[in-house]
Amino acid sequence: MKISEFIYRFRWPIVIISWLISIGFALAIPKIEIDPDVKALIPKSMPSKINTEKIEAVFGGSEMLLVIFSGEDVLSPSILERLQNISNSFSKLPQIDRSLSLFSLKSIKGIEGNMVVSEALPFIPHTPEEREIIRKELSENELVMGVVVSDDFRLTAIIGTVHTGTDDKILLDSVNAIISRYPGEGEINLGGMPVVKQSITDNILKDVKILMPLSIFLMLLILTLSFRNYKGVVLPLSVVILSMLVSVGLIPLFGWKFALVTVLVPVMMIAIGNNYGIYLVTRYQEILKREPGISRSGLMAELSAALSRPILLCALTTIAGVLALLTHIIVPAREVGVLSAIGISWALILSLTYIPAMLGILPRSKPSFKENKPHETPLEHFLFRLGISISRKPKTTLLITALVTLVIGMGLAKIYVEGNTIKFFDSKDPVRTTSDLIDKNLGGSQTISIQFTGDIKNPVIMKRMLYYEESIKKQKGVGQVMSIASVVKLISKALLDPSDPGYNSIPQTRDGVAQFLELYGMSGDPSDYEQLVDFNYENAQLIIQVNDASSLNVLNLAKYIRKLTADDPAIVRIGGIGLISAEMTNSLVTGQWRSTIISMLIVCFLAGLIFRKKAAAFIVAVPLVMACLVLFGIMGWSGIPFDPATTLITSVMIGCGVDYTVQFLWRQREEMVAGLSPARAVVKTLYTTGKAICFNAFAVMIGFSPLVFSSFSPIRFFGIMMVVSIFACLIGALIVIPALTLILSPTFLTGNQPQISKNNESI
């Protein structure tokens with residue numbers, strides 16, 4: 001029994017089983033969890049991630065939550081009273097390990113040869129005179145200025161170190177409840193990584209609710225305009241929905257979580273899942289137009305014979321292209337590759353079984369006629385004229401497209417990389433504006449940590465620590481730098497006279513360092529600096545706040561720190577969220593080129609196998625390489641960076657774009673084997689399969705276009721560049737490939753039969 005006969009005989013069970021399987025996977029969708037942590041983007045084996053976790057194991061969590069008060073003068077009594085109330089409640093939250101504010105930080109002074117450790121803000125000033133006294137004292141306090149108070153006294157903050165494993169939503173709800181409990185003067189904003197992560201979570205949910213329905217609606221619209229027939233709408237769209245349910249439902253079943261780039265999976269299924277259904281419905285209508293009286297079984301047999309193999313081969317190349325994402329360094333990118341590959345596989349199975357079964361159930365379509373002739377659409381007319389133009393001047397056509405590609409591709413030199421999570425938000429987004437406030441006034445929103453191990457009281461280690469601190473402070477993008485060495489230096493200023501050689505410096509002996517620290521412990525609380533040094537003085541960390549967290553700046557800073565601290569035996573590791581961001585940036589570049597090259601090699605290798613000639617691999621590669629140059633060139637000229645989303649584009653583009661080329665070459669070979677000359681075969685292929693390719697490409701472009709409404713700039717950029725790249729692939733399939741085959745006359749298109757006429761035969 002032939003496959004077409006089997007499908008026709010069991011058409012109802014096939015339809016029912018297809019829906020039941022898809023719905024079965026869909027039942028797992030409510031169990032999906034969202035993971036907004038930037039650390040989840042990179043593999044556990046990445047050095048910066050390992051180092052950061054080890055540093056946090058010694059000194060506690062490195063994530064900070066900031067409650068930022070702003071006003072004309074934060075030293076006004078009403079703002080300070082509100083700050084005090086909120087600070088007291090904030091510090092008692094179980095999710096906060098440590099908190100810093102004007103009411104918890106210290107002042108280290110020397111009075112008559114004695115060191116006095118007191119509160120940085122000993123009282124709330126109520127008169128202008130008292131306010132100016134406090135202002136002067138705070139301005140001279142290095143532990144306060146630029147840390148919790150801005151230089152212009154328009155900003156002050158409560159900084160909390162968040163306990164590792166904290167639920168961000170619960171923490172933020174608790175903090176907002178405290179703020180509501182104490183209303184008053186001054187505007188309050190929340191900043192820090194917990195706010196960023198919660199905002200990512202909220203925006204992911206928002207994107208899913210908006211982008212998926214919009215994608216489906218636009219897909220419905222483009223299918224309606226393309227086919228003007230309910231079969232051309234219902235069948236591809238149902239395949240889209242069923243494949244999307246399977247790919248998304250697999251996320252919790254695999255034990256994975258929904259990350260920022262995972263938003264692309266359902267949209268990819270909507271955009272790509274209808275590809276094969278479009279080819280089937282287009283050929284179905286073509287057969288009916290050519291043979292209106294064909295029997296239902298004959299129609300299905302011809303449809304299966306004509307498209308089963310090319311659709312299967314196209315799907316394999318698409319799956320191979322997206323599976324190249326398995327080589328990507330970004331963990332969710334690998335997951336996107338697996339999920340989309342499985343979704344495309346299910347769409348393939350449905351296209352080859354479910355759609356023919358539905359065509360066997362639904363009433364037959366009636367082809368439209370005009371003046372007793374099949375009606376020709378404007379698109380068919382355009383493609384016919386395009387085929388004639390290309391067949392007459394293939395070399396000129398190829399030369400013009402090559403020159404345009406090279407000019408656009410020159411923008412490749414301008415591409416840059418951006419891995420800073422804050423840059424994913426709009427410039428007017430509260431997360432972005434608050435982060436800018438922190439960067440400008442309070443040292444910076446990202447940190448890099450250097451861990452020292454050994455006898456921390458050893459003056460040699462202390463002096464090196466201080467040297468690093470002073471050197472790093474001079475680098476671009478560095479806000480505050482703090483270590484236990486700078487605290488010891490402050491103690492020396494409090495204990496010694498300015499004329500003393502040891503003033504404002506590290507003591508020359510270990511006993512001297514130990515004495516300074518012991519004296520501080522007698523007047524203050526040693527736990528004040530538990531984030532800088534452990535209880536036994538065996539481990540210490542130097543904390544660098546970065547106020548320009550752009551990827552290029554952080555990368556340069558990380559390189560400088562590694563060079564500065566090279567060969568220091570006391571330094572055991574360097575970590576921090578800033579370093580993770582920098583290392584992820586490097587990984588984005590590596591992952592981009594690796595996945596692009598691998599996907600290109602795989603699809604070209606498969607093309608060679610499909611047509612059983614090496615020349616096919618070369619011909620398939622040409623339009624894909626040109627599309628990549630156009631993609632990267634436009635990204636460079638328009639200032640769109642490589643980021644966690646846009647680095648996925650080339651693998652997806654190559655996987656989709658190779659379909660158009662394979663479909664074109666397959667139909668062109670059919671026509672040439674049937675006896676048409678190369679020129680006539682090109683015209684007929686453009687007129688017939690070219691229309692399906694256009695429908696397919698337009699549907700993919702429309703499917704990805706809703707991404708421009710995403711809350712995240714990487715997802716918006718992905719949507720824009722996918723539209724551009726698919727259009728470039730469409731041009732490659734409809735213009736470059738015909739011109740190239742007419743010039744090269746590859747033998748795999750003739751079925752090893754002699755060509756009937758010259759390539760430039762008049763038509």
Residue in region 578-592 that is out of contact with any Asp or Glu (no Cβ under 9 Å at 6 or more places or on another chain), assigned to a helix (DSSP H, G or I) and modelled with pLDDT of 90 or more present: no
Single condition Ile294 does not satisfy, out of (1) of a type in the set (A, V, I, L, M, F, W, C); (2) touching a Lys or Arg at 6+ places or on another chain (Cβ under 9 Å); (3) not in a helix (DSSP H, G or I): (2)
Subset of region 111-129 (residues that are crowded, with 17+ Cβ neighbours inside 10 Å, closer than 17 Å to Val488 by Cα and touching a Lys or Arg at 6+ places or on another chain (Cβ under 7 Å)): Val117
Residue count for region 524-551, restricted to those that are buried (at least 16 other Cβ atoms within 10 Å of the Cβ) and either outside any loop (DSSP other than H, G, I, E, B) or of a type in the set (Phe, Trp, Tyr) (or both): 13
Residues within region 416-431 that are under 16 Å from Phe717 (Cβ atoms), among the aliphatic types (A, V, I, L, M) and over 12 Å from the mean Cα position of the chain (by Cα), tallied: 1
Enumeration of residues in region 449-477 that are part of a helix (DSSP H, G or I), of a type in the set (A, V, I, L, M) and buried (at least 22 other Cβ atoms within 10 Å of the Cβ): Ile461, Met462, Met465
Single unsatisfied condition, Ser710 versus (1) within 20 Å of Val267 (Cα to Cα); (2) at pLDDT below 90: (2)
Selection within region 389-416 - β-branched (Val, Ile, Thr), buried (at least 17 other Cβ atoms within 10 Å of the Cβ) and assigned to a helix (DSSP H, G or I): Ile390, Thr397, Thr401, Thr405, Ile408
Subset of region 9-58 that is within 21 Å of Lys206 (Cα to Cα) and assigned to a helix (DSSP H, G or I) - its residue that is farthest from the chain's Cα centre (by Cα): Ala26
Of residues in region 174-207 being in contact with a Gly (Cβ under 9 Å, 6 or more places away or on another chain) and outside any helix (DSSP H, G or I), the one surrounded by the most Cβ atoms within 10 Å (Cβ to Cβ): Gly192
Candidates Ser345, Ser340 - the one that is small (Gly, Ala, Ser) and closer than 30 Å to Ser48 by Cα: Ser340
Given (1) assigned to a helix (DSSP H, G or I); (2) surrounded by fewer than 22 Cβ atoms within 10 Å (Cβ to Cβ); (3) without any contact (Cβ under 8 Å) to a residue 60 or more places away in the chain; (4) over 19 Å from the mean Cα position of the chain (by Cα), index of the condition Leu218 fails: (3)
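Yes/no matrix, rows are residues, columns are (1) farther than 14 Å from Val240 by Cβ; (2) basic (Lys, Arg); (3) surrounded by 22 or more Cβ atoms within 10 Å (Cβ to Cβ); (4) at pLDDT 85 or above:
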site: Val281; (1), (2), (3), (4): no, no, yes, no
site: Tyr284; (1), (2), (3), (4): yes, no, yes, no
site: Ile287; (1), (2), (3), (4): yes, no, no, no
site: Thr317; (1), (2), (3), (4): yes, no, yes, no
site: Val322; (1), (2), (3), (4): yes, no, yes, yes
Qualifying positions in region 595-609 - farther than 20 Å from Pro738 by Cβ and among the hydrophobic types (A, V, I, L, M, F, W, C): Ile597, Ile598, Met600, Leu601, Ile602, Phe605, Leu606, Leu609
Count of residues meeting criterion [modelled with pLDDT of 95 or more and either over 19 Å from Ser199 (Cβ atoms) or not hydrophobic (A, V, I, L, M, F, W, C) (or both)] in region 159-179: 4
Enumeration of residues in region 507-520 that are crowded, with 19+ Cβ neighbours inside 10 Å and closer than 12 Å to Leu496 by Cβ: Pro507, Phe516
All positions within region 76-86 that are out of contact with any helix residue (DSSP H, G or I) (no Cβ under 6 Å at 6 or more places or on another chain), surrounded by fewer than 24 Cβ atoms within 10 Å (Cβ to Cβ) and in contact (Cβ under 8 Å) with a residue 60 or more places away in the chain: Ser76, Ser78, Ile79, Glu81, Arg82, Asn85
Residue that is out of contact with any strand residue (DSSP E or B) (no Cβ under 6 Å at 6 or more places or on another chain) and surrounded by 16 or more Cβ atoms within 10 Å (Cβ to Cβ), where the choices are Asp35, Asp73: Asp35
Near pairs, Cβ below 7 angstrom, 6+ apart or cross-chain, from region 554-569 (surrounded by 14 or more Cβ atoms within 10 Å (Cβ to Cβ) and of a type outside the set (A, V, I, L, M)) to any residue that is at pLDDT 90 or above and part of a loop (DSSP other than H, G, I, E, B): Tyr560/Gln475
Qualifying positions in region 610-648 - farther than 24 Å from Ile743 by Cβ, modelled with pLDDT under 90 and in a helix (DSSP H, G or I): Thr646, Thr647, Leu648
Test: residue in region 438-448 that is of a type outside the set (D, E, K, R), crowded, with 19+ Cβ neighbours inside 10 Å and in a helix (DSSP H, G or I): yes
Qualifying position, being over 18 Å from Leu75 (Cα atoms) and out of contact with any strand residue (DSSP E or B) (no Cβ under 9 Å at 6 or more places or on another chain), among Ile111, Ile124, Ile133: Ile111
Helices (runs of 4 or more DSSP H) lying entirely in region 662-745 (those with 2 or more residues that are of a type in the set (Phe, Trp, Tyr)): 689-704, 713-731
Within region 440-496, tally of residues that are in contact with a strand residue (DSSP E or B) (Cβ under 7 Å, 6 or more places away or on another chain) and closer than 23 Å to Leu66 by Cα: 19
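The values are calculated or read from the model by the stated rules, or taken from the named source; none is laboratory data. Keep in mind that what you see is a predicted model, and the values were worked out from it rather than measured. Counting neighbours? That spans all protein chains shown, and the Cβs are built from the backbone with ideal geometry, glycine included.
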